[in-house]
Amino acid sequence: MTHAELQSYVQDLATRLDAPTVLEDCEQRMIAYSTHSEPIDDIRRESILRRETQPEVKAWFRRFGIVAATEPLRIPGDASAGVLGRLCVPVRYLNRLMGFLWLIDDDTRLGVTDITMTKKVAGHIGLMLYEDELTDSLSSTALVQLLSPSAALRELSVRQIAETGVLDVQAPCTVVAVQPFGIAEPELRPAIIETLLDVARRSQPTRHLQLAYGDHGVLLIQLRTQEDDSRALQLAHDARESLLRRIGRQCPGCRVIASVGEPQDRLIAAITSYHQARLSAKVAELVPAVGDVPRWRDLGVFRVLAQLSADVATSAMDPRLATVLRSGDEPVVHTLETYLDLGCDAKATAERLHLHRGTLYYRLQKAERIGGIDLRDGNDRLSIHLGLKLARFTGQLGTRPA
């Protein structure tokens, strides 16, 4: 089943009945909608723009018993709230609620014949949504195996995917990992699932698999060529914006990172791209300057640092920098790192930190004096700069301010 097929059903129904029509899933998330002319109200406009129904609006509609309904029912309009009357037709398969068809019908113009036609369409759509749900379940299982540490499970997954034809197992692919930071894990999974569904419905005709873990979501995306990951990058932006919108209401200060692994030549190598996407998120968390949609191929030296164990990173750090860090002078350390990040450009560093030039030089000289380093020496600058990044990746400096 494709989104285009569902869209065709919805559009055809709306045209035949001359009634603006929307298809939502059982959680009232937008799946498809017809082209709209008047009449249309703010609730319909908002649901189309946001791809979901606001919680208070959802609660209002559910007061009328739409979840338990097995037959079409009318939702009265509310002129004071600017809400037009609707016909709600539950979409079910084997008595299981799969979604809702909503037709604006403020003047109760739709008669018995029209409602019978809508019920028939709802039956077809219910079967399609059920089949789609089964496919998603099988695909998620296959993706779990494909990203497993077990080579045998990965090979089994590739064979299963090849048999179902969900993806071309010989085509290049890449992985996007979308992950929020700053919010408790038990609250994440529903929002991640909704985000992946949202991206899936807007990503046609891009072929991909999706999987929701407890703290992050995964999109495995088939590419046209190994060199062009532009579609994956676009889906990463879409996933980030969708998840940020969903958790933003309960966690205004949270950050969402959607990272992109390196494209691989075949599906069997997807686990490599997955690990790279996860490491890219780690880099972005510790070094916000790389952005909220980092690509593994763009991370330069951070690709090396992200793969070092804490023991190796600590032992590799220049002991002179360790002396500076032990001094506990945070303004000096922050100034030193910014100065090195900006290529030792004193003017740019002073502007970035809003410092007088004299204060900048004082702090840099203090760092030199504490650690016994010479910032005019290229080797010292390299060693100290690398050490500062190692310190961030071992947690000795925390997260760098954006």
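The values are calculated or read from the model by the stated rules, or taken from the named source; none is laboratory data. This one's a predicted model, so the numbers in the text were calculated from it and none came from an experiment. A quick note on method: Cβ atoms are made from the backbone with ideal geometry, for glycine too, and the neighbour counts reach across all protein chains shown. All accessible areas refer to the heavy atoms of the entire protein, side chains included, with ligands and DNA or RNA removed. Shrake-Rupley method; radii C 1.70, N 1.55, O 1.52, S 1.80 Å.
Full extension of the segment from Leu127 to Asp228, taken as 0.36 nm per residue of separation minus the current Cα-Cα distance, would add 32.7 nm.
For an R0 of 22 angstrom, estimate the FRET efficiency from the Cβ-Cβ distance between Ala162 and Arg96 and round to the nearest 0.05. E(calc), rounded to 0.05, equals 0.15.
In this simple spin-label approximation, Ala81 and Arg352 carry label points 7 Å from Cα along the Cα→Cβ vector, and these lie 5.1 nm apart.
In terms of packing, defined here as the mean over residues of other Cβ atoms within 10 angstrom, the peptides 117-129, 150-162 line up highest first as 117-129, 150-162. Calculated from the alpha-carbon coordinates, the range 263-379 shows an Rg and a Dmax of 17.6, 57 Å respectively. With r as the distance between the Cβ atoms of Trp60 and Asn379 and R0 = 41 Å, compute the FRET efficiency 1/(1 + (r/R0)^6) and round to 0.05. Calculated transfer efficiency: 0.05. The tail of the calculated P(r) for the range 229-323, taken as Cα-Cα distances beyond 20 Å, holds 47 percent of the pairs.
Ligands, DNA and RNA aside, Phe64 has an accessible area near 70 Å² when probed at 1.4 Å.
Here the gap between Ala310 and Cys254, fully extended at 0.36 nm per residue and compared with their Cα-Cα distance, gives a gain of 17.5 nm. The phi torsions of the range 234-245, fed into the Karplus equation with coefficients 6.51, -1.76 and 1.60 and a -60° offset, translate into couplings of 5, 5, 4, 4, 4, 5, 4, 5, 5, 5, 4, 5 Hz, rounded to whole numbers, with Gly and Pro shown as x.
Which three semi-axes in whole Å describe the equivalent ellipsoid of the range 124-193, each the square root of 5 times a Cα gyration tensor eigenvalue, listed largest first?
Value: 24, 21, 11 Å, ordered largest first.
Dipole orientation for the range 52-101: of the candidates Val83, Leu101, Ala59, Leu101 has the Cα lying most toward the positive pole (charges on Cβ; Lys, Arg +1; Asp, Glu -1).
Converting phi to 3J(HN,Hα) with the Karplus coefficients 6.51, -1.76 and 1.60 and the offset θ = phi - 60°, the range 389-396 yields 5, 4, 4, 5, 6, 9, x, 7 Hz in sequence order, with x at every glycine or proline.
Based on a Kirkwood Rh over C-alpha pairs, give the Stokes-Einstein translational diffusion coefficient of the range 331-402 at 10 °C and viscosity 1.306 mPa s in µm²/s. List each step's numbers first, then the result.
Working: Rh = 12.4 Å.
The Stokes-Einstein estimate is 128 µm²/s.
Figure legend: label point modelled 7 angstrom from the Cα of Ser148 along Cα→Cβ; residues of the range 157-171 with amide N under 13 Å from it are 157-161.
Under 14 Å from a label point 7 Å along Cα→Cβ of His36: give me every residue in the range 63-102 with its amide N that close. Hits in the range 63-102 for His36 at 14 Å: 82-86, 102.
What the phi angles of the range 55-61 give under the Karplus curve with 6.51, -1.76 and 1.60, with θ = phi - 60°, is a coupling list of x, 5, 5, 4, 4, 5, 5 Hz, glycine and proline written as x.
Note on the range 4-45: along the principal axes its Cα atoms extend 25, 25, 13 Å, ordered by decreasing extent.
For the range 58-156, the Kirkwood radius over C-alpha pairs fed into Stokes-Einstein at 20 °C and 1.002 mPa s yields D = 134 µm² per second.
Diffusion coefficient of the range 133-274 by Stokes-Einstein, Kirkwood radius over Cα pairs, 20 °C, 1.002 mPa s: 142 µm²/s.
Packing, taken as the mean count of other beta carbons within 10 Å per residue, orders the peptides 295-308, 352-365 from highest to lowest as 295-308, 352-365.
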